[in-house]
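What follows is a short report on a single structure.
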Amino acid sequence: MWDRDLLSGQVALVTGASSGIGRACAEALARAGARVAVNHLPAETAEARSLVGSIRDAGGEAIPVVADVSTEDQVRSMFAEVVGAFGTLHILVNNAGIQSDAAFTDMTLDQWRKVIEINLTGQFLCAREAVREFLRRGPQPEVSKALGKIVCMSSVHQTIPWAGHANYAASKGGLALLMQTIAQEFASHRIRVNAIAPGAIRTPINRDAWSSEEAAEELLALIPYGRIGEPGDIADAVCWLVSDLSDYVTGTTLYVDGGMTLYPGFRENG
Ligand code: BGC
């Protein structure tokens, strides 16, 4: 766990923060000293309020901000709200994402569009507003060496093809080049843009893959490190990636996956 000096004086926005990886990131960023805006959908107000309450109880600062990340107007008003409350933004954790799985021949256009809109267009809209705010505010070297930092929450499925999840895999594959392109475009402004590619992390999105004993056993066969990941594994990596400790890191993807992308099936085969 990082101490409060790591990110003190910085403002972070975490999208999709009411549960899972986003929630753990919001908690960890607050523990590391950042003031945190907790983005959520209207239906997740109770969870977001309780998260904000627990951050405040622990001595941190947080506010809830409602927005559907795939809707331009809502994203713009969310950024205005964060800047209105905290003065600016230094860190965006582009985390909101969904799965809507189907065999390829059964996948509806609606399922395809929904996943692309939230997982890819949502990250575009939020990153664009964040970069605009970083440029508007200008350097604050006493707060952070970089003008601003963006972490795109990707997946091992930006690399590993995933049958039955064409929409999700396509959104994450697209995200890899979106992230690198923004990183390339703004590196000279000292804006750092990176991705984290989580493996199987124990959250509501993949409950079916770990909640029964048989499923968990099958899943573990894909993870050389021998355990399912926890949201905190990702949150710790995020804190490092948005801090000055990683100041020379931009345009990269950090796989936090217990070795899933080491293709353990090849240990004895191939
Ligand atoms: C997916 C999970 C899955 C994991 C590993 C993640 O991106 O959201 O459902 O368990 O990748 O396959």
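Based on this model, can you work out whether ALA176 counts as in contact (Cβ under 8 Å) with a residue 60 or more places away in the chain and more than 16 Å from the ligand (Cβ to nearest atom)?
For ALA176, the condition - in contact (Cβ under 8 Å) with a residue 60 or more places away in the chain and more than 16 Å from the ligand (Cβ to nearest atom) - is not met.
Any residue that is of a type in the set (D, E, K, R), touching an Asp or Glu at 6+ places or on another chain (Cβ under 7 Å), farther than 13 Å from VAL11 by Cα and in contact (Cβ under 8 Å) with a residue 40 or more places away in the chain - is there at least one of those in region 72-84?
Yes, region 72-84 contains at least one residue that is of a type in the set (D, E, K, R), touching an Asp or Glu at 6+ places or on another chain (Cβ under 7 Å), farther than 13 Å from VAL11 by Cα and in contact (Cβ under 8 Å) with a residue 40 or more places away in the chain.
Is there any pair with a first residue in region 1-28 that is modelled with pLDDT of 95 or more and a second that is among the acidic types (Asp, Glu) whose Cβ atoms are under 7 Å apart and which are 6 or more apart or on different chains, and what are they?
SER18/GLU44; SER18/GLU47; SER19/GLU47; ALA28/ASP236
Restricting to region 179-202, what's the tally of residues that are β-branched (Val, Ile, Thr), within 16 Å of the ligand (Cβ to nearest atom) and out of contact with any Phe, Trp or Tyr (no Cβ under 9 Å at 6 or more places or on another chain)?
1
In the set PHE124, PHE86, PHE79, which member is over 17 Å from the mean Cα position of the chain (by Cα), away from the ligand (no atom under 15 Å from the Cβ) and aromatic (Phe, Trp, Tyr)?
Result: PHE86 is the single residue among PHE124, PHE86, PHE79 that is over 17 Å from the mean Cα position of the chain (by Cα), away from the ligand (no atom under 15 Å from the Cβ) and aromatic (Phe, Trp, Tyr).
Here's a check for you: in region 48-81, which residue that is among the charged types (D, E, K, R) and in contact with a strand residue (DSSP E or B) (Cβ under 7 Å, 6 or more places away or on another chain) is farthest from ALA96 (Cα to Cα)?
If we take residues in region 48-81 being among the charged types (D, E, K, R) and in contact with a strand residue (DSSP E or B) (Cβ under 7 Å, 6 or more places away or on another chain), then ARG56 is farthest from ALA96 (Cα to Cα).
When only residues in region 140-165 that are in contact with a helix residue (DSSP H, G or I) (Cβ under 8 Å, 6 or more places away or on another chain) and aliphatic (A, V, I, L, M) count, which is farthest from the ligand (Cβ to nearest atom)?
So, considering only residues that are in contact with a helix residue (DSSP H, G or I) (Cβ under 8 Å, 6 or more places away or on another chain) and aliphatic (A, V, I, L, M), the one farthest from the ligand (Cβ to nearest atom) is LEU147.
Of all residues in region 227-242, which are touching a Ser or Thr at 6+ places or on another chain (Cβ under 8 Å) and within 19 Å of LEU6 (Cα to Cα)?
TRP240
Which condition does TYR168 not pass, out of (1) away from the ligand (no atom under 14 Å from the Cβ); (2) under 22 Å from MET107 (Cβ atoms), if it passes all the others?
Among (1) away from the ligand (no atom under 14 Å from the Cβ); (2) under 22 Å from MET107 (Cβ atoms), the lone unmet condition for TYR168 is (1).
Tell me whether region 234-248 contains one or more residues that are within 13 Å of the ligand (Cβ to nearest atom) and not basic (Lys, Arg).
Yes; the residues of region 234-248 include at least one that is within 13 Å of the ligand (Cβ to nearest atom) and not basic (Lys, Arg).
Which pairs have Cβ atoms under 7 Å, sit 6 or more apart or on different chains, and link a residue in region 85-100 that is within 12 Å of VAL14 (Cα to Cα) to one that is among the acidic types (Asp, Glu) and more than 16 Å from the ligand (Cβ to nearest atom)?
Every condition considered, the pairs that remain are LEU89/GLU133.
Please state which one of ALA46, ALA34 is out of contact with any helix residue (DSSP H, G or I) (no Cβ under 6 Å at 6 or more places or on another chain), crowded, with 24+ Cβ neighbours inside 10 Å and at pLDDT 95 or above.
Sole residue among the options that is out of contact with any helix residue (DSSP H, G or I) (no Cβ under 6 Å at 6 or more places or on another chain), crowded, with 24+ Cβ neighbours inside 10 Å and at pLDDT 95 or above: ALA34.
Kindly provide the set of residues from region 206-233 that are within 11 Å of the ligand (Cβ to nearest atom), surrounded by 14 or more Cβ atoms within 10 Å (Cβ to Cβ) and under 30 Å from ILE91 (Cα atoms), ordered by number.
ASN206, ILE228, GLY229
Could you tell me which residue of region 183-230 is farthest from the chain's Cα centre (by Cα), considering only residues that are more than 28 Å from LYS149 (Cα to Cα) and basic (Lys, Arg)?
Within region 183-230, the match that is farthest from the chain's Cα centre (by Cα) is ARG227.
The values are calculated or read from the model by the stated rules, or taken from the named source; none is laboratory data. From a predicted model like this one, the values you see are computed outputs, not experimental measurements. FYI the Cβ positions are ideal-geometry reconstructions off the backbone, even for glycines, and counts take in every protein chain you see.
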